[in-house]
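**Student:** Sharing a structure, written as structure tokens. Questions coming.
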């Protein structure tokens, strides 16, 4: 299927979160040392009315709290914040989970009526994986990943968990790999990842 292509995810997310209350799941972005780069949580904080971050890494959460960020240490599959938000952002987290359905149930419980979930995840059919298969007859798998989603299977999961998918975008992250970008331009399903915007269903 054909979806629009985003060169910078914040071009879409920025206007959506402006002056909203945001729950950022997986906010640490793996390593606190990466915070000097393009860190999603910081970008959200610049634009939103209020941002709460959640991650399961206690030392990183403690460090971020000392830096003045409103973050808590919880398992995203067992969310219990006693608060509802306008938007939940879940960047590259669903592929790490043991129970994505339980995770989405928790998101539902923390969204206001007509609230939005913005979710990103890697694409298992990316051109990088294609080349890995050609070269070594195997794919590259992150040791922390438990599952793969493409846009079609993720739509099914979201629908079964009471979300209405509004928009899907391919993420153009090929900053240094022009030949991969060329392949993805010819066949968009080769992009490295994608972004889904969905609404809490009434």
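The values are calculated or read from the model by the stated rules, or taken from the named source; none is laboratory data. None of the values given here were measured: they were computed from a predicted structure. Note that each Cβ is placed from the backbone with ideal geometry, even for glycine, and that neighbours are counted across all protein chains shown.
**Student:** Looking at segment 74-98, which of its residues are surrounded by fewer than 17 Cβ atoms within 10 Å (Cβ to Cβ) and outside any loop (DSSP other than H, G, I, E, B)?
**Tutor:** Matches in segment 74-98: 77, 78.
**Student:** Please specify each residue of segment 114-131 satisfying the condition of being assigned to a strand (DSSP E or B) and either at pLDDT 95 or above or surrounded by 15 or more Cβ atoms within 10 Å (Cβ to Cβ) (or both).
**Tutor:** Those that are assigned to a strand (DSSP E or B) and either at pLDDT 95 or above or surrounded by 15 or more Cβ atoms within 10 Å (Cβ to Cβ) (or both): 115, 116, 117, 118, 119, 120, 121, 122.
**Student:** Follow-up question, since we're still on this one. Within segment 161-189, how many residues turn out to be farther than 13 Å from residue 2 by Cβ, modelled with pLDDT of 80 or more, in contact with a strand residue (DSSP E or B) (Cβ under 9 Å, 6 or more places away or on another chain) and buried (at least 18 other Cβ atoms within 10 Å of the Cβ)?
**Tutor:** Of the residues in segment 161-189, 3 are farther than 13 Å from residue 2 by Cβ, modelled with pLDDT of 80 or more, in contact with a strand residue (DSSP E or B) (Cβ under 9 Å, 6 or more places away or on another chain) and buried (at least 18 other Cβ atoms within 10 Å of the Cβ).
**Student:** Out of (1) without any contact (Cβ under 8 Å) to a residue 60 or more places away in the chain; (2) closer than 28 Å to residue 146 by Cα, what's the single condition that is false for residue 18?
**Tutor:** (2)
**Student:** Considering each of 91, 37 in turn, give the residue that is within 21 Å of residue 199 (Cβ to Cβ) and at pLDDT below 95.
**Tutor:** Working: 37 fails: within 21 Å of residue 199 (Cβ to Cβ).
Exactly one of 91, 37 is within 21 Å of residue 199 (Cβ to Cβ) and at pLDDT below 95, namely 91.
**Student:** Residue 20 is checked against (1) surrounded by fewer than 19 Cβ atoms within 10 Å (Cβ to Cβ); (2) modelled with pLDDT under 95; (3) in contact with a strand residue (DSSP E or B) (Cβ under 7 Å, 6 or more places away or on another chain) and fails just one. What number does that condition carry?
**Tutor:** Checking residue 20 against (1) surrounded by fewer than 19 Cβ atoms within 10 Å (Cβ to Cβ); (2) modelled with pLDDT under 95; (3) in contact with a strand residue (DSSP E or B) (Cβ under 7 Å, 6 or more places away or on another chain), the one that fails is (2).
**Student:** What number of residues within segment 49-65 satisfy the criterion of being farther than 15 Å from residue 90 by Cβ, surrounded by 19 or more Cβ atoms within 10 Å (Cβ to Cβ) and either touching a strand residue (DSSP E or B) at 6+ places or on another chain (Cβ under 8 Å) or free of Cβ contacts under 8 Å to residues at least 24 places away in the same chain (or both)?
**Tutor:** So the answer is 2.
**Student:** Of all residues being outside any helix (DSSP H, G or I) and over 26 Å from residue 8 (Cα atoms) in segment 39-66, which is nearest to the chain's Cα centre (by Cα)? Just the residue, please.
**Tutor:** Among them, the one singled out is 56.
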